[in-house]
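Right, one structure below, let's go through it.
The values are calculated or read from the model by the stated rules, or taken from the named source; none is laboratory data. Predicted model, so just to flag it, every value in this text is computed and none were measured. Cβ placement follows ideal geometry from the backbone for every residue including glycine, while neighbour counts extend to all protein chains displayed. For accessibility, only protein heavy atoms count, side chains too; no ligands or nucleic acids. Shrake-Rupley method; radii C 1.70, N 1.55, O 1.52, S 1.80 Å.
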Amino acid sequence: MLKDLVRPNILALEPYSCARNEFTGEARVYVDANENPYNSDVNRYPDPLQIAVKRKIAALKGVRETQIFLGNGSDEAIDLPFRIFCRPGIDNVVAPAPTYGMYQVCADINDIEYRSVPMKPDFQLDLEGMKARIDDNTKLVFLCSPNNPSGNALRWEDIQWFLDNFRGITIVDEAYIDFSSQPSLLRELDRYPRMMVLQTFSKAWGQAAIRLGMAFAGEEIIRLMNNVKYPYNVNILTQKQALRVLDNIADKDKAVKEILQQRDMLRDRLNTLECVDRIYPSDANFLLVKVYDADNTYKYLLKRGIIVRNRNRVTLCKGCLRITVGTPSENEEIISALKEYKIG
Ligand SMILES: *Cc1c(COP(=O)(O)O)cnc(C)c1O
C-alpha cells in the first residue's frame, strides 16, 4: 500500500484550496481571488495545475495528464518526495555515488539520512551494496540515468530490480534522456505505481531559465505532490513559454541532433590530445574526461576563459573534468586550448 509509505501528517493534510481550484470553467466576472481587475498579461493567478501544458506533454509522452506533476525545475520534484514520504530524523534514502548533488542537498535540508553507495568503476550500480543499505526506513532510492556526472545510462536490469523489489519509491532521473540511446522508462509507468520518472525543460529543450521540471508517476503519487506543492508553483510566463516550445518540438529535435554530432566530434578530437587519459562513454550532452593533471588543466582553461566542471574530488572521478558539449565554435575553442596545454 502506497499509503503506508506516506508521512502521517501528509496523509491527514487538508490542502490549501485556491480560488482557481474551487471554480473551473468560464465566467464573465472574476471577483473571487482579490486580483487587480485591470487586465494586463499577468494580473490573474495562473492555473495551479497547469492543465494546458500537461495536455501537450501527455500527448507528446504518451501518458495521462493525471500522471504528470510540473514543478519549479526538477529541484521541486526532487524535494517533494522527501517532504511527502520521509520522516525527519527517522527515515533514509539510498543513492549511488557519484550522482547528481541535489539529492543529498534535499536530504540534508529535510534532515533525512542520505546513504551513498559507490558505483562500480564502470559507473554501473553496485546492486549488492545498495541492497545492503536498504532497510525498513528506506523510503526513496534515486537512480539517475543517464547519470550525472559520469554520463552513462544505467543498466535496465539493475533499475528493474528496484522496481520489482524495493517497497519504497524508486525515482529515476531522466534529465538527459533526449540525448540517450536508451529508451525512457515512461513506457513502464503503468506497470510500476511506485516509480517516479523525472525529466526537465532545462537540458534538451534549452529552457533552463524558465525553471520547469516534470515528474511522471502513478496517479496517487501525483495527487500527493499536488497537495503538498505551493499552490501556484509554476508561474504564467513559464507556462506560456512551455506551450510555445511544445508547439515547436522540431526545434528541440534539431538541437539534440546537432549536440549529438558535436559530442562525437568532441570525443574523437579530445581523444587525440596528449593531456587526455580517457573519455568515458556518454549518453548525455556532456563528456567525463580523465586528464593527467585535472586541477592544473582546469586552472589553465579558466585563464583562457573556458569554464568546465572540475570533478577531481568526486567519488570515482579522480582526474576528471566534466565538459558540456557546446556550439561548434565553442567546442573548437576547447580543443585548440587543450591542444596547446603542456602538462606541467
Ligand atoms: C540538470 C539536471 C537536472 C535539471 O534540474 P532542473 O531543476 O530541472 O533545472 C535534473 N537532474 C539532473 C541529474 C541534472 O543533471
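Within region 14-50, track down each residue that is under 27 Å from the mean Cα position of the chain (by Cα) and among the aliphatic types (A, V, I, L, M).
Hit for region 14-50 is Leu49, nothing else.
Kindly establish whether Val256 is free of Cβ contacts under 8 Å to residues at least 60 places away in the same chain, surrounded by fewer than 19 Cβ atoms within 10 Å (Cβ to Cβ) and part of a helix (DSSP H, G or I). Even if it seems obvious, please write down each step before you answer.
Working: free of Cβ contacts under 8 Å to residues at least 60 places away in the same chain: no; surrounded by fewer than 19 Cβ atoms within 10 Å (Cβ to Cβ): yes; part of a helix (DSSP H, G or I): yes.
The answer is no for Val256.
For region 127-158: of the residues being β-branched (Val, Ile, Thr) and more than 15 Å from the ligand (Cβ to nearest atom), which is most open to solvent (accessible area, probe 1.4 Å)? Quick ask: steps written out before the conclusion?
From region 127-158, those β-branched (Val, Ile, Thr) are 134, 138, 141; that's our starting set.
Imposing the further condition that a residue be more than 15 Å from the ligand (Cβ to nearest atom) reduces the set to 134, 138.
Working: Ile134: 43, Thr138: 1 Å².
Going through the qualifying residues, I end up with Ile134.
Does region 101-121 hold any residues that are within 16 Å of the ligand (Cβ to nearest atom) and either open to solvent by 70 Å² or more (accessible area, probe 1.4 Å) or modelled with pLDDT under 95 (or both), and which are they? Even if it seems obvious, please write down each step before you answer.
In the first step, residues of region 101-121 are kept if they are within 16 Å of the ligand (Cβ to nearest atom); the result is 101-107, 109, 114, 116, 119.
Answer for region 101-121, where residues must be within 16 Å of the ligand (Cβ to nearest atom) and either open to solvent by 70 Å² or more (accessible area, probe 1.4 Å) or modelled with pLDDT under 95 (or both): Gln104, Ile109.
Applying the selection to region 48-81, what residues are within 15 Å of the ligand (Cβ to nearest atom) and in a helix (DSSP H, G or I)?
Val53, Ile57, Gly73, Ser74, Asp75, Glu76, Ala77, Ile78, Asp79, Leu80, Pro81 - these are the residues of region 48-81 that are within 15 Å of the ligand (Cβ to nearest atom) and in a helix (DSSP H, G or I).
For region 279-301, which positions are touching a residue at least 60 places away in the same chain (Cβ under 8 Å) and of a type in the set (D, E, K, R)? It would help to see each step written out before you state the result.
First, pick out the residues of region 279-301 that are touching a residue at least 60 places away in the same chain (Cβ under 8 Å): 280-288.
Passing the criteria: only Asp283.
Give all pairs with beta carbons closer than 7 Å in which a residue from region 313-330 that is touching a residue at least 24 places away in the same chain (Cβ under 8 Å) and more than 15 Å from Tyr292 (Cβ to Cβ) meets a residue that is assigned to a helix (DSSP H, G or I) and open to solvent by less than 50 Å² (accessible area, probe 1.4 Å); count only pairs at least 6 apart in sequence or on separate chains.
Note: pairs meeting the criteria are Ile323/Ile334; Val325/Ile259; Val325/Gln262; Val325/Arg263; Val325/Leu266; Val325/Asn331; Pro328/Gln262.
Which one of these does Leu13 not meet: (1) without any contact (Cβ under 8 Å) to a residue 24 or more places away in the chain; (2) of a type outside the set (S, T, N, Q); (3) in a loop (DSSP other than H, G, I, E, B)?
Only one criterion in (1) without any contact (Cβ under 8 Å) to a residue 24 or more places away in the chain; (2) of a type outside the set (S, T, N, Q); (3) in a loop (DSSP other than H, G, I, E, B) is unmet by Leu13, namely (1).
If you take just the strands (runs of 3 or more DSSP E) that sit entirely in region 266-344, which of them hold at least 2 residues that are open to solvent by 50 Å² or more (accessible area, probe 1.4 Å) and of a type outside the set (Ser, Thr, Tyr)?
Values: elements: 276-279, 286-291, 320-324.
Because the criterion is at least 2 residues that are open to solvent by 50 Å² or more (accessible area, probe 1.4 Å) and of a type outside the set (Ser, Thr, Tyr), the strands (runs of 3 or more DSSP E) in region 266-344 that meet it are 276-279.
Any residue that is under 16 Å from the mean Cα position of the chain (by Cα) and of a type outside the set (Ser, Thr, Tyr) - is there at least one of those in region 82-95?
Yes, region 82-95 contains at least one residue that is under 16 Å from the mean Cα position of the chain (by Cα) and of a type outside the set (Ser, Thr, Tyr).
If we keep just the residues of region 16-58 that are among the aromatic types (Phe, Trp, Tyr) and free of Cβ contacts under 8 Å to residues at least 60 places away in the same chain, which is surrounded by the most Cβ atoms within 10 Å (Cβ to Cβ)? Before the answer, list the steps.
Looking only at region 16-58, we keep the residues that are among the aromatic types (Phe, Trp, Tyr), and these are 16, 23, 30, 38, 45.
Now narrow it down to the ones that are free of Cβ contacts under 8 Å to residues at least 60 places away in the same chain: 23, 30, 38.
Details: Phe23: 11, Tyr30: 13, Tyr38: 6.
Once the filter is applied, the top-ranked residue is Tyr30.
Of the residues Phe179, Phe162, Phe142, which single one is in contact with a helix residue (DSSP H, G or I) (Cβ under 6 Å, 6 or more places away or on another chain) and either modelled with pLDDT under 95 or under 29 Å from Gly62 (Cα atoms) (or both)? Step through it out loud before you land on a result.
Details: Phe179 fails: in contact with a helix residue (DSSP H, G or I) (Cβ under 6 Å, 6 or more places away or on another chain); Phe162 fails: in contact with a helix residue (DSSP H, G or I) (Cβ under 6 Å, 6 or more places away or on another chain).
Going through Phe179, Phe162, Phe142 in turn, just one is in contact with a helix residue (DSSP H, G or I) (Cβ under 6 Å, 6 or more places away or on another chain) and either modelled with pLDDT under 95 or under 29 Å from Gly62 (Cα atoms) (or both): Phe142.
Tell me, please, whether a residue that is away from the ligand (no atom under 16 Å from the Cβ) and part of a helix (DSSP H, G or I) can be found in region 85-97.
First, the residues of region 85-97 that are away from the ligand (no atom under 16 Å from the Cβ): 85-92, 94.
After this cut, where a residue has to be part of a helix (DSSP H, G or I) as well, the list is 85.
Yes, region 85-97 contains a residue that is away from the ligand (no atom under 16 Å from the Cβ) and part of a helix (DSSP H, G or I).
Does Gln124 count as assigned by TED's automatic domain parsing to the domain that holds Gln199, outside any strand (DSSP E or B), open to solvent by 40 Å² or more (accessible area, probe 1.4 Å) and over 27 Å from Ile57 (Cβ atoms)?
Values: assigned by TED's automatic domain parsing to the domain that holds Gln199: yes; outside any strand (DSSP E or B): yes; open to solvent by 40 Å² or more (accessible area, probe 1.4 Å): no; over 27 Å from Ile57 (Cβ atoms): yes.
For Gln124, the condition - assigned by TED's automatic domain parsing to the domain that holds Gln199, outside any strand (DSSP E or B), open to solvent by 40 Å² or more (accessible area, probe 1.4 Å) and over 27 Å from Ile57 (Cβ atoms) - is not met.
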